[in-house]
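Everything below concerns the one structure shown next.
The values are calculated or read from the model by the stated rules, or taken from the named source; none is laboratory data. Since this is a predicted model, take the numbers as computed values, not measurements. Virtual Cβ from ideal backbone geometry, glycine too; neighbours counted across all protein chains shown.
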Amino acid sequence: MGHLFNRNIIVGVSGGIAAYKSAELVRLLRKAGARVKVIMTRGATEFITPLTLQALSGEAVHTELLDEAAEAGMGHIELARWADALLIAPATADVLARLVAGRADDLLCTVALATPAPVMVAPAMNQQMWANASTTSNIKTLASRSITIIGPDAGEQACGDIGQGRLLDPELIVTQLAGHFDSQLLAGRRVVITAGPTREALDPVRYLSNHSSGKMGFALARAAREAGANVTLISGPVNLPTPENVDRIDVISALEMYAVAEKEAAHADLFIGAAAIADYRPSDASCQKIKKSDDEISLALTKNPDVIAMVANLEARPKLVVGFAAETESVLEHAQGKLIKKNLNFVIANDVSRGDIGFNSDSNCVSVVDRSGLTDLPIGSKQLISQQLLEIFAPHLT
Ligand code: PMT
């Protein structure tokens, strides 16, 4: 169940008798390592208390769209952006109809509208309600909008009827949710990703570096692995665990990253440069600690070689070479310049002057630039954005 580890899952609970099963669902998700936040409709609170789900999720449960306390800390937009997936279980006939209509008059439906994350619904209702033409049509509409329908199951119902409409067993719901993160989009492909900062030594105790945490590159590595690729992650000094089944090579300096990338890129189908590689290094790193003496000292810097430009111009060039552009102004203009200058297939532009995205944040907001134009992705978790980016790249690898 590694696919759910550290994944941000919102569980939406609506008001039907199966709401009590959401307790087991939340427990299983947490057991699988997911971070879980629960949204309950008013009806759901009639069947199970928020306190139960709060205890099981380890997080405050969200019930109100216009809750002053919640708005101050985690409003509906923040919740929507936090999610890697929104799972509504149980989804009543009423919630399905409200999703179809695009209603935004309660927290659950509003978050479903506002989230860039995939939405999944596990319907639960009386068999006659499930068979009703309105429900059938609503399910068809939701599926056509890429909402995943999980279940329902058939069998004896709480009302005594027998038929289809029971909430699927929570264990099976969790398995289907995990399966969503296990696409085979990049099956058999070799992907090399750089991540994190580099450190350029001034002396044995000091270095020049930047604020990169490695989160973006590590999220890409995880997503590529989950898409079935063989992944090598070349990482600068970061404090992150290696994603499962990813080969990691640690480096310190830009020159080291260059040497490793040159070797690894030769076998890659896709190379992604998410690392924030220092453009310059001290020209003469001192062998001994530089002593404090003069009020002012000067530092001579030498330009580092460009890793991604080298990869993009290799004789055995990977089919796709993707760079990032970390900018603080004229973001798109600079990204377009880098696309051409470095001979890249895509540049992922992000504004690193913002505190809520970019360096060290769990979220990002990027524009994908290629020679045919521009695609903006909405703000979302770095994990979700990584999946979306790979979905854009995959068709270009065939
Ligand atoms: O690590 P996080 O905290 O999650 O932050 C993510 C990020 C902001 C670092 C990431 O999203 C990002 O923007 N990475 C690229 C940072 C960068 O160095 O951008 P740049 O515009 O300076 O460089 C453009 C491209 O050239 C990048 O793909 C970079 O990896 C590459 N480059 C730069 C210099 C160099 N000497 N060699 C290179 O290959």
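Summary of computed values
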{"item": "Candidate set from segment 327-336 (those that are within 10 Å of the ligand (Cβ to nearest atom) and at pLDDT 95 or above); member that is surrounded by the fewest Cβ atoms within 10 Å (Cβ to Cβ)", "result": "H334"}
{"item": "Residue that is nearest to the ligand (Cβ to nearest atom), among those in segment 253-272 that are under 22 Å from E327 (Cβ atoms) and touching a Lys or Arg at 6+ places or on another chain (Cβ under 9 Å)", "result": "A254"}
{"item": "Total residues in segment 177-191, condition crowded, with 17+ Cβ neighbours inside 10 Å, within 19 Å of the chain's Cα centre (by Cα) and outside any strand (DSSP E or B)", "result": "6"}
{"item": "Enumeration of residues in segment 225-245 that are surrounded by 21 or more Cβ atoms within 10 Å (Cβ to Cβ) and touching a Leu at 6+ places or on another chain (Cβ under 6 Å)", "result": "A227, A229"}
{"item": "Hey, I340 free of Cβ contacts under 8 Å to residues at least 24 places away in the same chain and closer than 25 Å to P395 by Cβ or not", "result": "yes"}
{"item": "One residue from L107, L142 being crowded, with 18+ Cβ neighbours inside 10 Å and either among the small types (G, A, S) or within 20 Å of H180 (Cβ to Cβ) (or both)", "result": "L142"}
{"item": "The lone exception for E64 - which of (1) assigned to a helix (DSSP H, G or I); (2) over 24 Å from the mean Cα position of the chain (by Cα); (3) among the charged types (D, E, K, R) it fails", "result": "(1)"}
{"item": "Any hit, segment 279-302, residues being within 12 Å of the ligand (Cβ to nearest atom) and either in a loop (DSSP other than H, G, I, E, B) or buried (at least 22 other Cβ atoms within 10 Å of the Cβ) (or both)", "result": "yes"}
{"item": "Condition broken by K291, with the remaining ones in (1) within 23 Å of the chain's Cα centre (by Cα); (2) at pLDDT below 95 satisfied", "result": "(1)"}
{"item": "Odd one out for L172 among (1) at pLDDT 95 or above; (2) surrounded by fewer than 23 Cβ atoms within 10 Å (Cβ to Cβ); (3) assigned to a loop (DSSP other than H, G, I, E, B)", "result": "(3)"}
{"item": "Residue match in segment 315-325 (condition: assigned by TED's automatic domain parsing to the domain that holds L208, in contact (Cβ under 8 Å) with a residue 60 or more places away in the chain and part of a loop (DSSP other than H, G, I, E, B))", "result": "yes"}
{"item": "Qualifying residue in segment 364-376 (condition: within 10 Å of the ligand (Cβ to nearest atom) and not β-branched (V, I, T))", "result": "yes"}
{"item": "Which numbered condition N210 misses (of (1) part of a loop (DSSP other than H, G, I, E, B); (2) without any contact (Cβ under 8 Å) to a residue 60 or more places away in the chain; (3) farther than 25 Å from H396 by Cβ; (4) not small (G, A, S))", "result": "(2)"}
{"item": "Qualifying positions in segment 1-39 - of a type in the set (A, V, I, L, M, F, W, C), touching a residue at least 40 places away in the same chain (Cβ under 8 Å) and not in a loop (DSSP other than H, G, I, E, B)", "result": "L4, I9, I10, V11, V13, I17, A18, A19, L25, L28, L29, I39"}
{"item": "Count - residues of segment 303-326 that are near the ligand (Cβ under 10 Å from one of its atoms) and touching a helix residue (DSSP H, G or I) at 6+ places or on another chain (Cβ under 7 Å)", "result": "9"}
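For every residue, the table says whether it meets (1) closer than 30 Å to I290 by Cβ; (2) among the aliphatic types (A, V, I, L, M).
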position: L167; (1), (2): no, yes
position: F181; (1), (2): no, no
position: T198; (1), (2): yes, no
position: P204; (1), (2): yes, no
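Listed here are the residues, each with its yes/no results for (1) touching a helix residue (DSSP H, G or I) at 6+ places or on another chain (Cβ under 6 Å); (2) in the same structural domain as A143 (by TED's automatic domain parsing); (3) modelled with pLDDT of 95 or more.
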{"residue": "R27", "(1), (2), (3)": "yes, yes, yes"}
{"residue": "R30", "(1), (2), (3)": "no, yes, yes"}
{"residue": "R35", "(1), (2), (3)": "no, yes, yes"}
{"residue": "A69", "(1), (2), (3)": "no, yes, no"}
{"residue": "G75", "(1), (2), (3)": "no, yes, no"}
{"residue": "D94", "(1), (2), (3)": "no, yes, yes"}
{"residue": "A101", "(1), (2), (3)": "no, yes, yes"}
{"residue": "Q127", "(1), (2), (3)": "no, yes, yes"}
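Results for (1) modelled with pLDDT of 95 or more; (2) among the hydrophobic types (A, V, I, L, M, F, W, C); (3) more than 17 Å from the chain's Cα centre (by Cα), shown as yes or no for each residue.
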| residue | (1), (2), (3) |
| --- | --- |
| G355 | no, no, yes |
| G358 | no, no, no |
| V369 | yes, yes, yes |
| L390 | yes, yes, no |
| F393 | yes, yes, no |
| H396 | yes, no, yes |
